[in-house]
Amino acid sequence: MKILGLAGSLRADSHNVRLLRAAAETLPPGATLELWDGLRDVPPYDADGDGELAPAPVRALRDAIADADAVLIATPEYNASIPGVLKNALDWASRPYATNALRGKPAAVLGASTGLFGAVWAQAETRKVLKTIGAHVLEDELPVGLADDAFDPNGRLLDPELRDRLADLVGDLVREVTTPVEVAA
């Protein structure tokens, strides 16, 4: 099973990249997390440039989502909302609307920020956008506040309760992929 990790920050070793790496450490055997690092290359959304000839970075994003069994997004919070680069990538991923790669795909959102609240507003906004796109979004949330002091030098969360909650969230996402959905007769 492959989970695609998307960090909403462009910094190479951002708090949210660290959070995704910490999430990867909690995965059960047989599951992997692939950290997608092409966010910087995705151009601003332009419907005129969309379709079969979408820009190569957009096709790469859509292909990465399509190839994954689930998506895990780690977002910072910029001005009480989603970073523009993440929202832009989700706008591209949402097309074509009826058949986009996120439609029906299990997805979860977590976040780290240097403020007290751990990007809770950005997480809520990102879940709202994912639901609108058609993803199957977990309601779980993991705010990592005061992120400058939340990780050890190896990128591990220092707070054991946060580590446990991260493992629970990742476990819930894995179960969404591996548990068959019962269809009513």
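The values are calculated or read from the model by the stated rules, or taken from the named source; none is laboratory data. This structure is a prediction, so every number in the text was calculated from the model and none was measured. Ideal geometry is used to build each Cβ from the backbone, glycine not excepted, and the neighbour counts take in all protein chains shown. Protein only, heavy atoms only, side chains kept; ligands, DNA and RNA dropped before computing areas. Shrake-Rupley method; radii C 1.70, N 1.55, O 1.52, S 1.80 Å.
A few notes on this one:
- Which numbered condition Leu158 misses (of (1) more than 19 Å from Ala12 (Cα to Cα); (2) at pLDDT below 95): (2)
- Scanning the stretch 80-113 for residues that are of a type outside the set (Gly, Ala, Ser) and open to solvent by less than 20 Å² (accessible area, probe 1.4 Å) returns Pro83, Leu86, Leu90, Trp92, Asn100, Leu102, Pro106, Val109, Leu110.
- Cross-chain or 6+ apart pairs with Cβ under 7 Å, the stretch 152-180 first and under 15 Å from Ala108 (Cα atoms), then of a type outside the set (A, V, I, L, M) and exposed (fewer than 13 other Cβ atoms within 10 Å of the Cβ): Val174/Pro28
- Annotation note: Cβ proximity below 6 Å between a residue of the stretch 65-85 that is closer than 22 Å to Thr178 by Cα and a residue that is modelled with pLDDT under 95 and of a type in the set (Val, Ile, Thr) (sequence gap 6+ or interchain) occurs for Asp69/Val177; Ala70/Val177.
- Residues of the stretch 94-128 that are closer than 24 Å to Asp67 by Cα and in contact with a Ser or Thr (Cβ under 6 Å, 6 or more places away or on another chain): Asn100, Val109, Gly111, Thr126.
- Number of positions in the stretch 128-149 that are part of a helix (DSSP H, G or I) and either farther than 18 Å from Leu169 by Cβ or open to solvent by 20 Å² or more (accessible area, probe 1.4 Å) (or both): 7
- The residue of the stretch 29-38 that is farthest from the chain's Cα centre (by Cα), among those that are under 21 Å from Gly155 (Cα atoms) and open to solvent by less than 50 Å² (accessible area, probe 1.4 Å), is Ala31.
- Unmet requirement for Leu20, which otherwise passes all of (1) out of contact with any strand residue (DSSP E or B) (no Cβ under 7 Å at 6 or more places or on another chain); (2) within 22 Å of Val170 (Cα to Cα); (3) modelled with pLDDT of 95 or more: (1)
- Among the candidates Glu77, Glu52, the residue that is surrounded by fewer than 17 Cβ atoms within 10 Å (Cβ to Cβ) and of a type in the set (Asp, Glu) is uniquely Glu52.
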